[in-house]
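To start, the structure itself, in structure tokens.
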Amino acid sequence: MTKAICFNCGAEKFGAFTECSGCKATPSSQEQFEVSMALCEHMHSSQQLAVFAEDIRQHRKLAFGPGILTQAREALKDPQLMSMLGLVIKNANKEQQRPSTPPPRPTQSQSASQIKVRRDAPDSTDLHKTAFAILDVTTRDNRRRIVEQAEERSLSMDHEMCAKARSDLTNPRLRLSVEVSWLPGISPKRASAYCTLIKHDLDKYMSAADDESPLVKSNLIAAALDLFDQDMDADDWASWIYQLASESDQIDAEDVFRLVNEDRAVAGFPLVSGPELVEEEIANRRRYYKDSIKGAIDRLPTKRMIDVMTDVVDTATMLGEDSAPLLIDELIDSYELGVRSFLEREAGNVEKLIGSIRDGATGGSRVVTPLIDKLDTVIRNWDRVAQPIQVSMKSRGLEHDQSRRMALDVRSLGIDLFNEYQMLDQAERITNLLKEVFAELPEVADKLEDDSIAIANIHNDRQRAQKRADDWVREITYEAQIGLVFKDTLKISQNGVEWKSSRVALDDVTGVGWGATRNSVNGIPSGTDYFIFWCDRNNVTRVQLNRENVYSTFIDKLWKAVGVRLLTDMLNGLREGKRYRFGDAILDDYGMELTKSHLFSADEKVKAAWSELQIWSANGSLCVGMTNDKKTVMTLPYQGANNAHVLEAAIRAKFKTGNPRLSSILED
Amino acid sequence: MGFFSRLLGKEDEGQKAFREAMEMIAKIIDDESFQNKLLGDEMEAMLLSAPAIDERPDGQGAFGLDERNPIPVNGAIGELSYLSKLETSNGERMLFHRVGAINTVDVFEAVTFSGSGWYIIFVDYYHPRRSRKAPSGFRIANEPRQFSGFHNFCRNFPYDFPDAKQASAEFLRMAYIPLGNVMPQIEKKVFTRPMNHKAKLDIVMSKMTSRSDI
């Protein structure tokens, strides 16, 4: 086994890190480990070791050759060696092989290799500032040892600091605060190792902390936060902050009370009388943790700070679905205080933009769209800052009031843009923006979901209507050239009915008609003439043609384009009590007034209900007459009378219903 | 196969013997129940009465790298078998020897074939089968591997590998890797313990309750 000499007394021993049989000293700090490593025959010959042993015995400063301590330090970075020296290294393999679903919240191991130490890290952390570390005493050292150490340390350190440390440790009341701030329950060697590791290898330090009790782990993490570099990933920041918050929630005053009293019993100090005193100190400690986190993240640039806070809350609350550790809630509350003025300013900007959009809505989407672009930017900017607060509030069953008010104001704008200005696209854009940004506000999210459904329905209705309109346009569109040599165009489309470059808009057409006349010479058929006409308030357009396919196609289109509308208008009018004249007959909703011809006396007007009437076609005319009186009849020539086909279609449809009113066919 | 050999049937017998030898080697290096039987009835019964686990539930510290969390294996041959299949995450195999024990935990020193990495590995051999788990930074080869280390202390590890192989029981000897796999490195003297490893060895030695070198 390797020959070595004791770093403390210079006695010979075997193994660099073993206990000295002479003075019982065992290396326990990083510096002692490095020196012990150097003081063994791995690095020096027996003769050299003898010289060093003499130097130690004579209390002379050891003068190692160049690079010796660096080599020792490098060797001590071996994780297994560190573990053997008293620090438990993280069993990464164990973490990797844990079964079932991956934990939603990051574990320390996930971030253990991600820690970056800031360049301007302080030489001394909060861990080193505790009285135990200042005086290099343990929780089990008695009053005498503490006083001795204070005197010795005063020679090389600030006297007042040492005196205060001594006072804090020897006064039983003050001592409790120091004990809770230290690392209760762990061995002096281990505590010393942590003080060394935090300076030299933060990854190992944090990794080792994973196995400690909640109070020790919290104290270790809180001390390390001050060293974190601002360039470290936001996720890693969040992970450690969450770890600290989570551990601090689990600190058990009874456990700490027991550990403190165990050490006090050994050290010979009066025992703490009850756990309530410890509880009080733990509460102080939690405030310290919060301040540590705040202090650390306040060093971050604003954008990074917001990212970290967002990640912390998302992690701690499982995106608002779970309650967070108390420390996180408190942290968010102070974050909210910090960003309140920003949020108020941005809320004012949103309000102004809403006003501008309302004012500009009459100018149409061209005016509104750029303003909504701006609103989008401002709201997203707002949400970025407010997001941690919203998520935290959600996890507590609350809503961030400022966000809720803003969301509802913007929602009202969207509704008004649709209701008052028919700006469905803009309303939908606003709804989608709000849904994305304010998902953490349950009440608002519900309303927005309803809005979304309504907008989607309106969209669907519009699409269906548009499709129907497109189909209708396709169905009514037709064009034909009429004439053998000089062609004239007969055309119908959504723009109107055209003949010989004269066009009547569809809505202006007030009457239509069509018919055919078969011609014959001496009883021999000589062809058929087809007639179509339409009129507006001023003119009648007549078309004569002899191609049956053009005729039948065109009247089909004309009926769909105009006839149906004329029929509907007429029936609506009848329902409202209007009366219409067809030839010498008068039509109302309940029947017709016909003229009864007398051979030797004046014609007589006869009012007949629909049940008394019948309809037929004869000699190119529509005939409507009373069923029991052949002399009471009206004839409307299809080729000359306006809307004879419209009337015929209405009466035939009515006869199928059996209803006493002609307009009843609209209801079926 | 030559015409006369086939005619006289000699090749068949040779082939059979070769096949049986290979089957035996395969059983020695990989068949856990066969390995347990080789230890004798009493020892086999003791191993079988222990839990078949990949890691001790009460283990603390890094698996296999901390004496409080040793690797469960089946007896001494199980140790050889497990450690011979163990390779670094870079895929390097290791030579190893047993330096002693801390209570019931066997301590092995291991070095990669190239001499680039030195390790201390802790193994608990009172289990009916080998762990299927590898320590952090290592992995277990899928296929059986011939033995590359010893269950006893090698005073001049790993330079005395040929002597140690020669000193092994005859039935085990044939389960070892060919010397050609390690001789080039041995001849080039590539194996030098680094400082950190020596320090670890010192610590482990100081804790040992039984030492193979004494």
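The values are calculated or read from the model by the stated rules, or taken from the named source; none is laboratory data. Since the model is a prediction, treat every value here as computed from it, not as a measurement. For neighbour counting, all protein chains shown are included, and Cβ atoms are generated from backbone atoms with ideal geometry for every residue, glycine included. Heavy atoms of the whole protein, side chains included, go into the accessibility calculation; ligands, DNA and RNA do not. Shrake-Rupley method; radii C 1.70, N 1.55, O 1.52, S 1.80 Å.
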Check: Against the longest alpha carbon principal axis of chain A, how many degrees, from 0 to 90 and to the nearest 10, is the axis of helix A:214-225 turned?
Finding: 80 degrees
Notebook entry, point to check: Taking the Cα centre of the protein assembly as shown as the origin and placing charges on Cβ (Lys, Arg +1; Asp, Glu -1), which of A:Thr431, A:Val178, A:Ala16 is farthest toward the positive end of the dipole?
Noted result: A:Thr431
Next item on the list: State, as an integer percentage, the relative contact order of chain A based on alpha-carbon contacts under 8 Å between residues 6 or more apart.
Entry: 7 percent
Check: For A:Thr595, which sequence-distant residues (separation of 5 or more, or a different chain) have an amide H within less than 5 Å of its own amide H, given hydrogens modelled in the peptide plane?
Finding: A:Val606, A:Val633
Next item on the list: Quick one: divide the alpha-carbon radius of gyration of the stretch A:318-358 by 2.2 N^0.38 Å and tell me what you get.
Entry: 1.69
Check: Tell me, what is the Rg over Rh of the stretch A:116-217, with Rh the Kirkwood radius over Cα pairs?
Finding: 0.98
Next item on the list: May I ask you to rank A:Arg345, A:Arg537 by accessible area, largest first, using a 1.4 Å probe over the protein chains only?
Entry: A:Arg537, A:Arg345
Item checked: Semi-axis lengths, Å, the stretch A:443-592, gyration tensor of Cα atoms, sqrt of 5 times eigenvalues -> 41, 23, 13
Check: Quick one: ranking A:Ser28, A:Ser502 by accessible area, 1.4 Å probe, largest first, what do you get?
Finding: A:Ser502, A:Ser28
Margin query: Placing unit charges on C-beta atoms (Lys and Arg positive, Asp and Glu negative, everything else neutral), compute the dipole magnitude of the protein assembly as shown about its Cα centre in debye, rounded to 20.
Written below: 1920 debye
Note to self: Every cysteine in chain A with no other Cys Cβ under 4.7 Å from its Cβ, please list them in numeric order.
What the structure shows: A:Cys40, A:Cys162, A:Cys195, A:Cys535, A:Cys623
Check: What accessible area per residue, rounded to a whole number of Å², is obtained for the stretch A:510-668 using a probe radius of 1.4 Å?
Finding: 53 Å²
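Can you give the Kirkwood hydrodynamic radius of the stretch A:588-668 from its Cα pairs, in Å with one decimal? It would help to have the intermediate numbers written out before the result.
On the way: mean 1/r = 0.0756 Å⁻¹.
One over the average 1/r among Cα pairs gives 13.2 Å for the stretch A:588-668.
In cubic angstrom, how much convex hull volume per residue do the alpha carbon atoms of the stretch A:398-526 span?
Looking at the stretch A:398-526, the number lands at 161 Å³ per residue.
Only helical DSSP H runs with n ≥ 4 go in: add -39500 (n - 2.57) per run for chain A, normalise by residue count and round the 222 nm mean residue ellipticity to 500 deg cm²/dmol.
That comes out to -17500 deg cm²/dmol.
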Check: Restricting the count to DSSP beta bridges whose residues both fall in the protein assembly as shown, what percent are antiparallel, rounded to a multiple of 5?
Finding: 95 percent
Notebook entry, point to check: Applying the Karplus parametrisation 6.51 cos²θ - 1.76 cosθ + 1.60 with θ = phi - 60° to the phi angles of the stretch A:387-396, what ³J(HN,Hα) value in whole Hz is obtained for each residue in order, glycine and proline being reported as x?
Noted result: 3, x, 5, 4, 5, 4, 4, 4, 5, 9
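Could you tell me the total accessible area buried at the A-B interface, probe 1.4 Å, in square angstrom to the nearest hundred?
Numbers: alone 33940 and 10950 Å², together 42850 Å².
Interface area, both chains combined: 2000 Å², rounded to the nearest 100.
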Check: So, with +1 on the Cβ of K and R and -1 on the Cβ of D and E, and no other charges, what is the size of the charge dipole of the stretch A:371-441 about its Cα centre, to the nearest 20 debye?
Finding: 320 debye
Margin query: Taking the 0 to 90 degree range and rounding to the nearest ten, how far is the long axis of helix A:46-57 tilted relative to the main principal axis of chain A, both from C-alpha atoms?
Written below: 80 degrees
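Over the stretch A:14-71, what is the mean sequence separation of C-alpha contacts under 8 Å (at least six apart), divided by residue count, expressed as relative contact order in percent?
25 percent
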Notebook entry, point to check: Counting only the heavy atoms of the protein chains, how much of A:Thr477 is accessible to a 1.4 Å probe, in Å² to the nearest 10?
Noted result: 70 Å²
Note to self: Output needed: percent of Cα pairs per 10 Å distance bin for the stretch B:46-101, bins running from 0 to the one holding the longest distance.
What the structure shows: 20, 51, 28, 2
Check: Which value at 222 nm does chain B reach when only helices count, each DSSP H run of 4 or more adding -39,500 (n - 2.57), with the total divided by all residues and rounded to the nearest 500 deg cm²/dmol?
Finding: -11000 deg cm²/dmol
Checklist line | Tilt relative to chain A, helix A:234-249 - C-alpha long axis, 0 to 90 degrees, to 10 | finding: 70 degrees
Margin query: Using a 10 Å cut-off around each Cβ of peptide B:182-195, what is the average number of partner chain Cβ atoms that fall inside?
Written below: 1
Note to self: Probe radius 1.4 Å, ligands and nucleic acids ignored: give me the carbon and sulfur share of the accessible area of chain B as a rounded percent.
What the structure shows: 52 percent
Check: Using modelled amide H (1.01 Å from N, peptide plane; none on Pro or chain starts), what sits under 5 Å from the amide H of B:Ile102, excluding residues fewer than 5 places away?
Finding: B:Val107, B:Thr209
Next item on the list: Compute the signed sum of charges (Lys and Arg +1, Asp and Glu -1) over the other residues within less than 12 Å, Cβ to Cβ, of A:Val473.
Entry: +2
Next item on the list: Set the Förster radius R0 to 35 Å, insert the Cβ-Cβ distance between A:Asp136 and B:Ser116 as r into 1/(1 + (r/R0)^6), and round the FRET efficiency to 0.05.
Entry: 0.35
Checklist line | Positive-pole candidate from A:Leu85, A:Thr627, A:Gly295, dipole of the protein assembly as shown, charges at beta carbon | finding: A:Thr627
Next item on the list: Mean Kyte-Doolittle of at least -0.5 plus a Cα span of 18 Å or more along the axis: flag which DSSP H helices in chain B meet both, please.
Entry: B:195-207
Next item on the list: Return the loop-located trypsin sites (Lys or Arg not before Pro) in the stretch A:31-79 (DSSP other than H, G, I, E, B) with at most 13 other Cβ atoms within 10 Å of their own Cβ; answer none if there are none.
Entry: A:Arg60, A:Lys61, A:Lys77
Checklist line | Kirkwood hydrodynamic radius over Cα pairs of the protein assembly as shown, then Stokes diffusion coefficient at 37 °C and 0.692 mPa s, in µm²/s | finding: 87 µm²/s
Next item on the list: Ignore the peptide's own chain and count Cβ atoms of other chains within 10 Å of each Cβ in B:136-144; give me the average, rounded.
Entry: 2
Notebook entry, point to check: Under a point-charge model restricted to the Cβ atoms of Lys and Arg (+1) and Asp and Glu (-1), what is the dipole moment magnitude of the stretch A:414-571 relative to its Cα centre, in debye to the nearest 20?
Noted result: 1380 debye
Next item on the list: Kindly write out, for the stretch B:124-133 in residue order, the coupling ³J(HN,Hα) from the Karplus curve 6.51 cos²θ - 1.76 cosθ + 1.60 (θ = phi - 60°), rounded to whole Hz, with x marking Gly and Pro.
Entry: 10, 9, 8, 9, x, 8, 6, 5, 9, 10
Next item on the list: Determine the shape class of the stretch B:17-116: with a ≥ b ≥ c the square roots of the Cα gyration tensor eigenvalues, call it rounded for a/c under 1.5, and otherwise prolate if a/b is greater than b/c, oblate otherwise.
Entry: oblate
Check: Under 5 Å between amide H atoms, partner at least 5 residues away or on a different chain: which partners does A:Leu622 have, H built in plane at 1.01 Å?
Finding: A:Leu636, A:Tyr638
Notebook entry, point to check: Looking at the stretch A:250-346, which GluC sites (Glu not before Pro) are DSSP coil and have at most 11 other C-beta atoms within 10 Å of their C-beta?
Noted result: A:Glu321
Next item on the list: Work through the residues other than A:Glu54 whose Cβ is under 15 Å from its Cβ and net out their charges, Lys, Arg +1 and Asp, Glu -1.
Entry: +1
Notebook entry, point to check: For chain B, how big is Rg over Rh, using alpha carbon atoms and the Kirkwood form of Rh?
Noted result: 1.02
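What per residue convex hull volume, in Å³, do the alpha-carbon atoms of the stretch B:56-175 yield?
102 Å³
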Checklist line | Evaluated over the stretch A:6-65, the Cα radius of gyration and Dmax, each in Å | finding: 10.2, 27
Notebook entry, point to check: Mind listing which trypsin sites (Lys or Arg not before Pro) in the stretch A:426-488 are in a DSSP loop and have 13 or fewer other Cβ atoms within 10 Å?
Noted result: A:Lys487
